[in-house]
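See below for the structure under consideration.
The values are calculated or read from the model by the stated rules, or taken from the named source; none is laboratory data. Please read all numbers here as calculations on a predicted model, not as lab measurements. Note: ideal-geometry Cβ built from the backbone for every residue, glycine included; neighbour counts use all protein chains shown.
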Amino acid sequence: MQTLVIDPRFGAAGDMLVAALLSLGADKHTVFSAIQHTASPAVSPVVRCGLEALSVSMNADTAHRTIDELLAKIDAADACPEAKELARKIFARIERAESRVHHTPNPHFHEIGADDAAADVLGACTALLSLSVDSVCVLPAATGFGTHR
């Protein structure tokens with residue numbers, strides 16, 4: 001049984017997660033084919049703090065879209081049905097959270113409504129599925145701390 005452990009204690013941006021999954025062996029062609037409808041991805045090797053890694057950038061339209069427009073982009077993508085369904089579930093969860101936080105049934109998506117966010121989510125879903133892991137364990141994310149005066 002293979003378990004993927006994600007440790008986001010220093011954050012986990014979508015493009016960083018896609019890069020990490022590609023570094024683990026996710027199929028680059030499959031991932032890039034899935035997201036080419038929403039973004040033009042570029043991957044390059046980098047060295048950070050003496051460690052070799054991959055960097056992925058999503059060159060995409062920055063217009064903010066509604067949830068229905070985002071889901072239409074996902075539906076039109078050249079991705080497997082499982083990746084599309086997982087991406088749809090992620091955006092549905094984000095929509096529910098935005099609705100609760102902003103006390104509105106139809107929240108406006110800001111950065112999460114841009115094409116690069118759709119590419120990040122669909123790319124991560126596609127990459128994760130291509131790794132064929134049995135389970136995923138995500139450790140607690142850093143949420144910040146401090147006071148406001």
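Looking only at residues that are assigned to a loop (DSSP other than H, G, I, E, B) and under 15 Å from the mean Cα position of the chain (by Cα) in the stretch 11-36, which one is farthest from ASN106 (Cα to Cα)?
ALA26
Would you be able to tell me the number of residues in the stretch 113-144 that are crowded, with 22+ Cβ neighbours inside 10 Å and among the β-branched types (Val, Ile, Thr)?
2
Condition first: of a type in the set (D, E, K, R), in contact (Cβ under 8 Å) with a residue 40 or more places away in the chain and over 14 Å from GLU69 (Cβ atoms). Now tell me which residues in the stretch 85-115 satisfy that.
Matches in the stretch 85-115: GLU111 only.
Quickly run through the stretch 56-72 and pick out the residues that are modelled with pLDDT of 90 or more and either under 16 Å from PHE32 (Cα atoms) or in a strand (DSSP E or B) (or both).
Once the filter is applied, which keeps residues that are modelled with pLDDT of 90 or more and either under 16 Å from PHE32 (Cα atoms) or in a strand (DSSP E or B) (or both), the stretch 56-72 yields only VAL56.
Of the residues in the stretch 102-125, how many are assigned to a helix (DSSP H, G or I), in contact with a helix residue (DSSP H, G or I) (Cβ under 8 Å, 6 or more places away or on another chain) and more than 10 Å from GLY14 (Cα to Cα)?
5
Is it true that some residue in the stretch 75-85 is in a helix (DSSP H, G or I) and surrounded by 15 or more Cβ atoms within 10 Å (Cβ to Cβ)?
The answer is yes, given that some residue of the stretch 75-85 is in a helix (DSSP H, G or I) and surrounded by 15 or more Cβ atoms within 10 Å (Cβ to Cβ).
Out of ALA39, ALA76, ALA72, I need the residue that is within 16 Å of the chain's Cα centre (by Cα) and among the small types (Gly, Ala, Ser). Which one?
Testing whether each residue is within 16 Å of the chain's Cα centre (by Cα) and among the small types (Gly, Ala, Ser) leaves just ALA39.
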